[in-house]
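In what follows, a structure is listed as structure tokens, so that the remarks can point back to it.
Just so you know, all these numbers are worked out from the coordinates, no wet-lab data involved. All values derive from a computational prediction rather than experimental measurement. As a convention, Cβ positions derive from the backbone with ideal geometry for all residues, glycine included, and neighbour counts pool all protein chains shown.
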Amino acid sequence: MRQNEIIIRPLVTEKVNKLTEKRNTYGFAVDKRANKLEIRKAISEFYGVTIIDCNTAVMPAKNKVRFTTRGVMKGRKPGYKKALVTLAEGESIDLFSI
């Protein structure tokens, strides 16, 4: 798997922002088939950083219901794999400049 196929997008949520401030941990949505070694290699090559730790979690799909004037609309949000990557001391990733 190539590096541009592994990293889907960075996660910018309140929880990930708190982890970034406290523990220098960044979150990414990654391909479900990628393992920790591939994720670590892809992120370190793309951003040019040293990675200390890589944790992954498969987030389940969720059912969503929306009430509209036309009635109830039912759907599903797709599941995805999340990677939380801890960087070495003094290193950072600027997600908004790329």
*Report yes if some residue within the range 47-65 is loosely packed, with under 15 Cβ neighbours inside 10 Å, without any contact (Cβ under 8 Å) to a residue 12 or more places away in the chain and in contact with a strand residue (DSSP E or B) (Cβ under 9 Å, 6 or more places away or on another chain); otherwise report no.*
yes
*Restricting attention to the range 1-46, which residues are of a type in the set (A, V, I, L, M), within 17 Å of SER97 (Cα to Cα) and without any contact (Cβ under 8 Å) to a residue 40 or more places away in the chain?*
ILE7
*Spot the failing condition for TYR26; the list is (1) surrounded by fewer than 18 Cβ atoms within 10 Å (Cβ to Cβ); (2) touching a helix residue (DSSP H, G or I) at 6+ places or on another chain (Cβ under 9 Å); (3) not small (Gly, Ala, Ser), and only one is missed.*
(1)
*State whether one or more residues within the range 77-86 are in contact with a strand residue (DSSP E or B) (Cβ under 7 Å, 6 or more places away or on another chain) and without any contact (Cβ under 8 Å) to a residue 12 or more places away in the chain.*
no
*Given the structure, is ASN35 farther than 19 Å from GLY90 by Cβ and not aliphatic (A, V, I, L, M)?*
yes
*asked:* For the range 40-98, which positions are within 16 Å of the chain's Cα centre (by Cα), of a type in the set (Ser, Thr, Tyr) and within 16 Å of ARG9 (Cα to Cα)?
replied: SER44, TYR47, THR56, TYR80
*Has the range 5-14 got at least one residue that is hydroxyl-bearing (Ser, Thr, Tyr) and crowded, with 18+ Cβ neighbours inside 10 Å?*
no
